[in-house]
Number of protein chains: 2
Amino acid sequence: MTFSVTILGSSSAFPTSNRFPSAQLVSVHERPYLVDCGEGTQTQLRKYGINIAKINHILITHLHGDHMFGIYGLISTMNMLGRTRDLNIYAPKELDAILADHLKYFGEGMTYKPVVHALNTTQSETIYENKHLIIKSLPLRHRVPTCGFLFKEKTPGLNIRKELIEKYNLSLRDIVRIKNGAHHTLESGEVIPNEKFTYLPYAPRSFAYCSDTIMSRYIIPIISEVDLLYHEATFCEDRHQLALERGHSTAMQAAQIAREANARQLVIGHYSSRYKELDQFLIEAQSVFSNSHLAEEGKVFEIPLQQEKPTPLNFYK
Amino acid sequence: MTFSVTILGSSSAFPTSNRFPSAQLVSVHERPYLVDCGEGTQTQLRKYGINIAKINHILITHLHGDHMFGIYGLISTMNMLGRTRDLNIYAPKELDAILADHLKYFGEGMTYKPVVHALNTTQSETIYENKHLIIKSLPLRHRVPTCGFLFKEKTPGLNIRKELIEKYNLSLRDIVRIKNGAHHTLESGEVIPNEKFTYLPYAPRSFAYCSDTIMSRYIIPIISEVDLLYHEATFCEDRHQLALERGHSTAMQAAQIAREANARQLVIGHYSSRYKELDQFLIEAQSVFSNSHLAEEGKVFEIPLQQEKPTPLNFYK
């Protein structure tokens with residue numbers, strides 16, 4: 001039951017010789033979701049052993065080249081791999097026309113269909129869900145329509161305390177009903193509350209991806225209490241004004257968002273090529289939010305499963 | 001007076017974790033020419049310390065993604081660098097419409113113009129020349145219209161033997177005339193032949209780029225005696241039939257072309273990702289043409305200047 005984020009690219013628009021433009025691979029319950037797809041993403045996926053064929057969902061925050069020019073090569077490679085399933089791409093709506101133009105020239109012999117799902121970048125909406133996961137958009141404030149993404153594990157089904165199955169001689173039907181949240185009525189007519197039988201096997205985990213954006217407190221209620229927050233930090237505070245003009249954030253601002261949202265952990269990235277070393281970013285972020293980390297190519301941030309222990313039995317006595 | 005080729009990418013359509021798709025930087029008399037531009041080319045240019053701003057000419061052999069998907073990012077980066085000069089792109093004619101479509105979405109605020117010069121891929125033509133260099137196209141045989149390129153240094157101006165300037169008391173006007181190829185007439189009426197005064201300072205150098213193509217003997221007369229030949233070798237002979245079906249060559253075929261063209265040196269590349277190691281390519285090529293080498297990212301092949309010595313004076317006595 002994975003929940004992890006692999007950094008594929010940490011640079012802003014100018015790639016450097018060792019930093020790639022934006023891309024991250026989010027793995028939730030063994031399923032991969034690609035967030036942003038800068039030039040070279042397919043090379044990075046291969047480098048870190050990620051199976052390109054298994055990617056069915058690509059999320060693009062905005063239509064700047066450093067967040068999406070890798071999609072052309074990836075679409076082509078998936079075709080060479082013999083893909084037949086639709087490829088779902090969630091992106092600002094213009095991507096549909098962009099890909100249609102592109103495929104006029106490069107779509108010959110395509111064995112599958114890239115399907116663009118247009119994002120509403122002005123309000124938070126559910127854009128995808130399955131049994132385990134819900135993905136919502138996060139409106140961001142950049143120079144062009146942009147949204148981030150919130151990945152949230154769904155609340156898992158209730159577990160039943162094994163020792164009570166025997167004690168109350170529960171039938172299979174009883175167990176199913178209790179797992180679905182029902183109280184249990186004994187033959188005597190006494191009602192045993194559901195909470196006595198059940199507990200959550202683990203706490204739902206969450207990850208928010210916020211890039212590119214100026215510091216925007218509008219997102220705080222949506223990302224509140226997130227386990228892992230990726231927030232862009234294109235500049236440090238020495239270029240505070242430039243960050244604002246270019247629609248970006250500083251490391252300190254990213255950390256302020258993490259603190260105000262009460263995030264558990266912060267990862268910053270999207271570094272300007274003006275900075276040769278990254279220490280300044282980390283020192284600045286940690287001065288505001290101690291659990292801050294640097295995005296670097298190949299780093300994996302895992303959100304561990306927090307197993308919830310059954311409440312002690314004597315609580316109910 | 002450089003004449004060198006830097007390998008930026010050596011893979012075929014599937015990039016591997018350590019090989020990039022096709023791109024090479026040809027430097028002639030300190031001017032850079034980019035040949036092919038697969039995804040990630042701009043990162044490779046930076047990695048090998050090549051100044052992106054100085055590139056004014058990009059040559060694209062054919063419109064398969066692994067030879068041109070890097071052009072979108074490069075065009076964008078050049079714009080961020082504040083470029084104002086036209087960027088000349090030599091490519092099959094459809095690239096003009098492809099870039100026009102692309103720039104509808106990504107061309108806002110462009111400070112310069114990418115100009116596409118349509119290539120005739122069916123016959124060899126001069127596509128560019130300056131004082132020192134001429135570039136010709138080479139028709140190749142692939143699955144789509146494709147041409148390679150021949151870079152040929154122009155024959156340099158004649159040098160004059162310094163010791164004869166004094167001996168014959170030559171005026172500046174005499175020197176200019178002799179350097180332009182004239183004979184010299186003494187006051188006595190005796191004519192001294194130009195060859196006695198002059199010599200070529202160096203032998204013109206040449207490089208041919210042949211990718212992608214099946215083995216095609218049509219190119220041999222055009223690349224005859226070339227100093228450095230790059231010829232694709234997507235497969236080894238174990239996949240001879242597959243090479244033919246896919247419009248590619250084997251290492252042995254590349255070497256046969258080098259031998260029949262009497263090239264001085266061969267570089268092979270465009271390796272299929274089916275081959276994890278490259279030894280087989282090299283052994284196979286060298287079995288036919290001993291001066292064969294592997295293209296690998298970052299390798300630089302220099303064609304040294306062959307200084308021609310003045311013919312000994314007593315030759316004329």
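The numbers here are math on the coordinates, done by the rules we state, and not lab data. As the structure is a prediction and not an experimental result, all values here were calculated from the model. A quick note on method: Cβ atoms are made from the backbone with ideal geometry, for glycine too, and the neighbour counts reach across all protein chains shown.
Details
- The A:HIS29 and A:GLN280 beta-carbon pair, evaluated with R₀ = 45 Å, returns a calculated FRET efficiency of approximately 0.75.
- Straight-distance candidates among the lysines for linking to B:LYS196, with alpha-carbon spacing under 20 Å and chain neighbours fewer than 8 residues away dropped: B:LYS162, B:LYS167, B:LYS179, B:LYS309, B:LYS317.
- Per-residue HN-Hα couplings for region A:130-144 [Karplus 6.51, -1.76, 1.60; θ = phi - 60°; Hz; x = Gly/Pro]: 9, 4, 9, 9, 10, 10, 10, 7, 10, x, 10, 10, 10, 6, 10
- Shape of region B:159-199, Cα gyration tensor, a/c cut at 1.5: rounded
- Largest GNM mean-square fluctuation among B:THR146, B:THR213, B:THR77, using chain B with Cα springs under 10 Å: B:THR77.
- Remark: spin-label model distance B:ARG85-A:SER290 equals 5.5 nm, labels positioned 7 Å along the Cα→Cβ axis.
- Student exercise, the protein assembly as shown dipole from Lys, Arg, Asp, Glu Cβ charges, in Debye to nearest 20: 20 debye
- Label spacing, shortest first and in nm, from A:VAL300 to its equivalents in the remaining copies (7 angstrom along Cα→Cβ): 3.8
- Cα-centred dipole magnitude for chain B, charges only on beta-carbon of K, R (+1) and D, E (-1), debye, nearest 20: 660 debye
- Each other copy places its own label point for B:ALA53 at 4.7 nm from this one, sorted shortest first, where the point lies 7 Å along the Cα-to-beta carbon line.
- Reachable aspartates and glutamates from B:LYS154, criterion Cα separation under 19 angstrom, eight or more residues apart if same chain: B:GLU30, B:GLU125, B:GLU129, B:GLU225, B:ASP227, B:GLU302, B:GLU308
- Taking other residues whose beta carbon is less than 14 angstrom from the beta carbon of A:LEU8, and scoring Lys, Arg as +1 and Asp, Glu as -1, yields -2.
- Here's how it looks for A:HIS117: its modeled amide H is under 5 Å from those of A:ILE89, A:TYR90, A:ALA91, which are all 5 or more places away or on a different chain.
- Each peptide among A:286-292, B:110-116 gets the average number of other Cβ atoms lying within 10 Å of its residues, and from highest to lowest they stand as A:286-292, B:110-116.
- Antiparallel DSSP beta bridges within the protein assembly as shown, as percent of all bridges there, nearest 5: 55 percent
- Cβ-vector label at 7 Å, B:LEU103, separations to other copies in nm: 2.6
- Debye-sum result for the protein assembly as shown in log10 I(q)/I(0), which assumes one identical scatterer on each alpha carbon, at q = 0.06, 0.12 Å⁻¹: -0.44, -1.18
- Whether region B:182-317 is rounded, prolate or oblate, judged on the alpha carbon gyration tensor where a/c under 1.5 counts as rounded: prolate
- From phi via Karplus (6.51, -1.76, 1.60), per-residue ³J(HN,Hα) for region B:229-238 in Hz, x at Gly/Pro: 10, 9, 10, 4, 9, 5, 10, 9, 4, 5
- Local net charge near B:ALA97, Cβ-Cβ under 10 Å (Lys/Arg +1, Asp/Glu -1): -2
- If you sort the three axes of the alpha carbon gyration tensor as a ≥ b ≥ c, you get a/c under 1.5 for region A:1-143, which makes it rounded.
- Span from the region A:126-154 Cα centroid across to the region B:86-160 one, whole angstrom: 43 Å
- Computed label-point distance, nm, for sites B:ARG217 and A:LYS299 using a 7 Å Cα→Cβ extension: 6.0 nm
- Mean separation of Cα contacts under 8 Å (6+ apart) over length of chain B, as relative contact order %: 17 percent
- In plain terms, the chain from A:ARG161 to A:GLU187 could stretch by 7.3 nm, reckoned as 0.36 nm per residue minus the Cα-Cα distance.
- Take every Cα pair under 8 Å whose residues are at least 6 apart in sequence, average their separation, divide by the length of region A:159-199, and the relative contact order is 46 percent.
- For chain B, modelled as a GNM whose springs connect Cα atoms under 10 angstrom apart, the maximal fluctuation among B:ARG173, B:ARG217, B:ARG143 occurs at B:ARG173.
- Here the label points at B:VAL176 and B:LEU103, each 7 Å from Cα along the C-beta direction, are separated by 4.2 nm in the simple model.
- Applying the criteria of a DSSP loop state and at most 12 other Cβ atoms within 10 Å to the trypsin sites (Lys or Arg not before Pro) of region A:55-131 yields A:ARG85, A:LYS131.
- Per DSSP, loop GluC sites (Glu not before Pro) in region A:154-260 with at most 15 further Cβ within 10 Å: A:GLU187, A:GLU190, A:GLU225
- GNM result for chain A, Cα springs below 10 Å: residue of A:TYR230, A:TYR33, A:TYR199 fluctuating most strongly: A:TYR199
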